[in-house]
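**Student:** First the structure, then my questions, so here it is.
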Amino acid sequence: MAPPNLPVNPINDVSLPEIIEEYFDLSDGKLSVRGVPLLDEVPNNVTFSPFNSICQPCDDVPLPLLNRVGALPHKGGFLGFKADVPSDRLKNSLGRSSDRDFLSIFRFKTWWSTMWVGNSGSNLQKETQWVLFDVPEIKSYVIIIPIIDGSFRSALQPGTDGHVVICAESGSTQVKASNFDAIAYVHASDNPYNLMKEAFSAIRVHLNTFRLLEEKTVPNLVDKFGWCTWDAFYLTVEPAGIWHGINEFTEAGVSPRFLIVDDGWQSISFDENEDPNEDAKNLVLCGSQMLARLHRFDECKKFRNYKGGSMLSPNAPSFDPKRPKMLIAKAIEIEQAEKTRDKAVRSGVTDLSVFETKIQKLQQELSELLGGQETGASNGSCRGCTCRVGSYGLKAFTSDLRSNFKGLDDIYVWHALCGAWCGVKPGATHLNAKITPCILPPGLDGTMNDLAVDKVLEGGMGLVHPDHASLLYDSMHSYLSEVGVTGVKVDVIHILEYVSEEHGGRVELAKAYYKGLSDSLVKNFNGSGLISSMQQCNDFFFLGTRQISMGRAGDDFWFQDPSGDPMGVYWLQGVHMIHCSYNSMWMGQMIVPDWDMFQSDHLCAKYHAGSRAICGGPVYLSDFVGSHDFDLIKKLVHPDGTVPNCLHCALPTRDCLFKNPLFDGKTALKIWNFNKFGGVIGGFNCQGAGWDPKEQRIKGFPDCYKPILCSVHVSDIEWDQNLELAHMGKAEEYIVHLNQDDELRVLTPKSAAIQITIQPSSFEIFTIVPVQTLSPGNKFAPVGLTNMFNSGGSIQELEYTIEGEVSAKVKVKGGGSFLAYASGCPKKCCLNGGEVAFEWSDKGKLKLNLPWVEEAAGISELVFMF
């Protein structure tokens, strides 16, 4: 069985078929798939080329991958078009699609993408990254993926009268073209999940500018629990707060295995600073730092002032957990007051004195709360201790963290792709940096209003010349590696398209930056220590994932609606799950989808926890210090900081693909995944919000925020997507355990689907395990630890003996309530070699409590004899 952090479908050699029948045909103005028209009214200047006529594989493509793709050339090909006049931005219809259901992914912000469904080319949204069509006439699916052709990238757009329009753009008026042979890739399959694998494998071989996830090593933190400082502190993050935060988790028995020190640790300054080497001060909320630029590569003063041993001494600096909350609350007051003033300006008010007075008063109050102190933890050093004399800064801090918190494996820090939000300050470092105006790409006109975009447009980017991109990353990362940092979270990734005019366009600029980033990742962070963020565009995935193997799958976790809708505290959480689950369909081909952090004391914390338990990615929180729900956390995390993770990235079930689980008022989001010895389905009520094309924003749809029916069947698990588990899809009988309702049911493939009602912002997790017949009258199937959301993830090994003394041996990681199905009562049960009591009911429930065995890494061996 492949471990959770490795591909569950390994690449296999596939011999070429002797007879190949091409799936696609373009003739008489129609693009057809196996005789069924997909697009009609195709313009005469559009071309279709079979895969093998365009693709010229490079020598460094792994042979097994090459063979796999080479076995399926008849299932795909390339679309192109020829224009009369060369341009840096060209639009062309690919044909008309009408009355055919589609699922698509589009960018609703510069940085983030989400799903959209419809049944006409005119229903598409701008900056669509791919569109998947349902073709029930041949029980198949077809995908069109805009790709990169030369120095041009592409995206789909809506056209009139049902037309699907492709837009090819270079990002520089100096880079023009008129002919494209392969500006989009089209592929067909009878299985939507195979389709995604096959299509992106083919594109990978064709472009050879990125690698699939199965070719790469993933970060160590995939199966571990962590804490991120962002929502806990925002920009007020400092050593004492981090220390107390880690300590609280450890004392509660859930040791974080990784820490992400988010934005707020860097040495940044504003252009107007009198002293160009002085760090920006009194920053609290996101936005206040966005006009600043990086002026040195080491940490800012509050971290530089940390003295080694100070948090380990009896006189360690104290920390008031109320202080970050008070600072953030006051900063939010200021932000709201500024919005009120700006609204008054837009409405024509000329006397703003009342507004300005209020803002000044609030700013003074914030200044008093801050106290002008950014000293870090420089007092209270360990007297008489010589082991850390003269040790200061981030290196001393990471060393002390590891000395005191033995399970802390990884420490990551945040930085923007260009250094800081507005890049690197020219003249402040040895790098060739220049203030470059940021220009909003035309394709992003109509995306959702975004503070980050407003700020970079205002400040311009301190862009390091692409010839120095490698030096930029090595300068940052080599220093970080030396001071004990093991990885980075790289944010603001899709900024390059704003500044590509003078650098050969967005494709060429991206190639230079991503090469520098990849090389530094290999040199400084073991080749895998990076989380990509604000990166959800095809430029990044086709150019930036040669080495990067993890990235965010959705927009940020928002604990409340920044636009002010009080119900946003609820409906934004469902929107987040939709982003992550549908994006995983394509992102999961190249990276481990990261569903982001959340807060365990949030009103919808349990809702988030249920999704993270089965998402297949890392599990991490951003709790305020002193604000935790440890009972909830312990349903996700073992005492050693590991998580009972699934083997795959969670994906929407087939019956959700062409539905709208956000505001159709009736569809539940269902996501499926694998554990080692069974499957799991999560049913989530995400109804109540979504994208409004007219208002060009995500907003609440309160009429849809209501209970809905969720129907689950054992066939909702795509068993054939894991070769080692495929046989489970042929079982004659299954047990299904409902985690929230604590129900155990026995079903067959012919049984009716389970139907339950799910309340708004609520969920259910269904653990599905094949039943094994041991002997006449004795059947068995382990559920796992029911005190964990992903019960089945706790099962590490399973062995049946059906000859002689009939038995079932189960190795379980974790402590708590173990549940299995047994049709007959076992004769006895042994736990770690000793006989123990158990509970069994005539309904087949077999229960006992398991201890956490520290010496055995939490693993217990159970043997049931029948």
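The values are calculated or read from the model by the stated rules, or taken from the named source; none is laboratory data. Note that the coordinates shown come from a computational prediction; the quantities given were computed from them, not determined experimentally. Cβ: placed from backbone, ideal geometry, glycine included. Neighbour counts: every protein chain shown. For accessibility, only protein heavy atoms count, side chains too; no ligands or nucleic acids. Shrake-Rupley method; radii C 1.70, N 1.55, O 1.52, S 1.80 Å.
**Student:** Within region 27-50, can one find any residue that is farther than 23 Å from GLY162 by Cα and touching a residue at least 24 places away in the same chain (Cβ under 8 Å)?
**Tutor:** Checked against the condition, which is being farther than 23 Å from GLY162 by Cα and touching a residue at least 24 places away in the same chain (Cβ under 8 Å), region 27-50 yields at least one hit.
**Student:** Could you check GLU215 against (1) open to solvent by 10 Å² or more (accessible area, probe 1.4 Å); (2) assigned by the TED database to the domain that holds THR128 and say which number it fails?
**Tutor:** Exception for GLU215: condition (2).
**Student:** A follow-up question, please. Go through region 280-310 and count every residue that is open to solvent by 10 Å² or more (accessible area, probe 1.4 Å), among the hydrophobic types (A, V, I, L, M, F, W, C) and not in a loop (DSSP other than H, G, I, E, B).
**Tutor:** Total meeting the criteria: 1.
**Student:** Since ALA377 meets every condition but one in (1) open to solvent by less than 60 Å² (accessible area, probe 1.4 Å); (2) in contact with a Leu (Cβ under 8 Å, 6 or more places away or on another chain); (3) at pLDDT 50 or above; (4) closer than 24 Å to ASP320 by Cβ, which condition does it not meet?
**Tutor:** (2)
**Student:** Looking at region 777-812, which of its residues are touching an Asp or Glu at 6+ places or on another chain (Cβ under 9 Å) and open to solvent by 10 Å² or more (accessible area, probe 1.4 Å)?
**Tutor:** If the condition is that a residue be touching an Asp or Glu at 6+ places or on another chain (Cβ under 9 Å) and open to solvent by 10 Å² or more (accessible area, probe 1.4 Å), then LYS779, THR786, GLU797, SER807, LYS809, LYS811 are the ones that fit.
**Student:** Can you find even one residue in region 483-502 that is touching a Phe, Trp or Tyr at 6+ places or on another chain (Cβ under 7 Å), within 18 Å of THR429 (Cβ to Cβ), in a helix (DSSP H, G or I) and outside the structural domain of ARG153 (by the TED database)?
**Tutor:** Checked against the condition, which is being touching a Phe, Trp or Tyr at 6+ places or on another chain (Cβ under 7 Å), within 18 Å of THR429 (Cβ to Cβ), in a helix (DSSP H, G or I) and outside the structural domain of ARG153 (by the TED database), region 483-502 yields no hits at all.
**Student:** Let me ask something else. If a residue has to be within 30 Å of TRP243 (Cα to Cα), of a type in the set (A, V, I, L, M), assigned to a helix (DSSP H, G or I) and open to solvent by less than 70 Å² (accessible area, probe 1.4 Å) to count, how many in region 311-361 make the cut?
**Tutor:** Selection size over region 311-361: 6.
**Student:** I want to confirm something. Restricting to region 842-866 and keeping residues that are assigned to a loop (DSSP other than H, G, I, E, B) and within 42 Å of the chain's Cα centre (by Cα), which single residue is nearest to GLY804 (Cα to Cα)?
**Tutor:** Selected residue: GLY844.
**Student:** Do we find that ASP565 is modelled with pLDDT under 95 and acidic (Asp, Glu) in this structure?
**Tutor:** Yes, satisfied.
**Student:** For region 611-626, indicate whether the set of residues that are hydroxyl-bearing (Ser, Thr, Tyr) and surrounded by fewer than 22 Cβ atoms within 10 Å (Cβ to Cβ) is non-empty.
**Tutor:** no
**Student:** Checking TYR513 against (1) of a type in the set (Phe, Trp, Tyr); (2) over 24 Å from ASP262 (Cβ atoms); (3) buried (at least 23 other Cβ atoms within 10 Å of the Cβ), which test does it fail?
**Tutor:** Only one criterion is unmet by TYR513, namely (2).
**Student:** For region 533-556, which residues satisfy the criterion of being open to solvent by 10 Å² or more (accessible area, probe 1.4 Å) and assigned to a loop (DSSP other than H, G, I, E, B)?
**Tutor:** Matches in region 533-556: MET534, ARG546, GLN547, ASP555, ASP556.
**Student:** Six or more apart or on different chains, Cβ under 8 Å: which pairs go from a residue in region 714-727 that's not assigned by the TED database to the domain that holds THR653 to one that's outside any loop (DSSP other than H, G, I, E, B) and surrounded by 20 or more Cβ atoms within 10 Å (Cβ to Cβ)? Could you list them?
**Tutor:** Partner pairs satisfying both residue conditions: none exist.
**Student:** For region 798-820, name all the residues that are touching a residue at least 60 places away in the same chain (Cβ under 8 Å) and either in a strand (DSSP E or B) or closer than 21 Å to VAL254 by Cβ (or both).
**Tutor:** Result: LEU798, LYS813, GLY814, GLY815, LEU819.
**Student:** Scan region 453-469 residue by residue and report those that are surrounded by fewer than 19 Cβ atoms within 10 Å (Cβ to Cβ) and either within 20 Å of VAL507 (Cα to Cα) or of a type in the set (A, V, I, L, M, F, W, C) (or both).
**Tutor:** LEU457, HIS465, ASP467
**Student:** Step by step: first the residues of region 122-170, then only those that are basic (Lys, Arg) and over 20 Å from LEU509 (Cα atoms), then the one that is surrounded by the fewest Cβ atoms within 10 Å (Cβ to Cβ). Which residue is that?
**Tutor:** Taking the candidates together, the pick is LYS139.
**Student:** Give LEU90, LEU103, LEU66 a once-over and let me know the one that is open to solvent by 30 Å² or more (accessible area, probe 1.4 Å) and of a type in the set (A, V, I, L, M, F, W, C).
**Tutor:** LEU66
**Student:** Is one or more of the residues making up region 33-49 of a type in the set (Asp, Glu), surrounded by 14 or more Cβ atoms within 10 Å (Cβ to Cβ), at pLDDT 95 or above and not in a strand (DSSP E or B)?
**Tutor:** Looking for residues that are of a type in the set (Asp, Glu), surrounded by 14 or more Cβ atoms within 10 Å (Cβ to Cβ), at pLDDT 95 or above and not in a strand (DSSP E or B), one finds at least one in region 33-49, hence yes.
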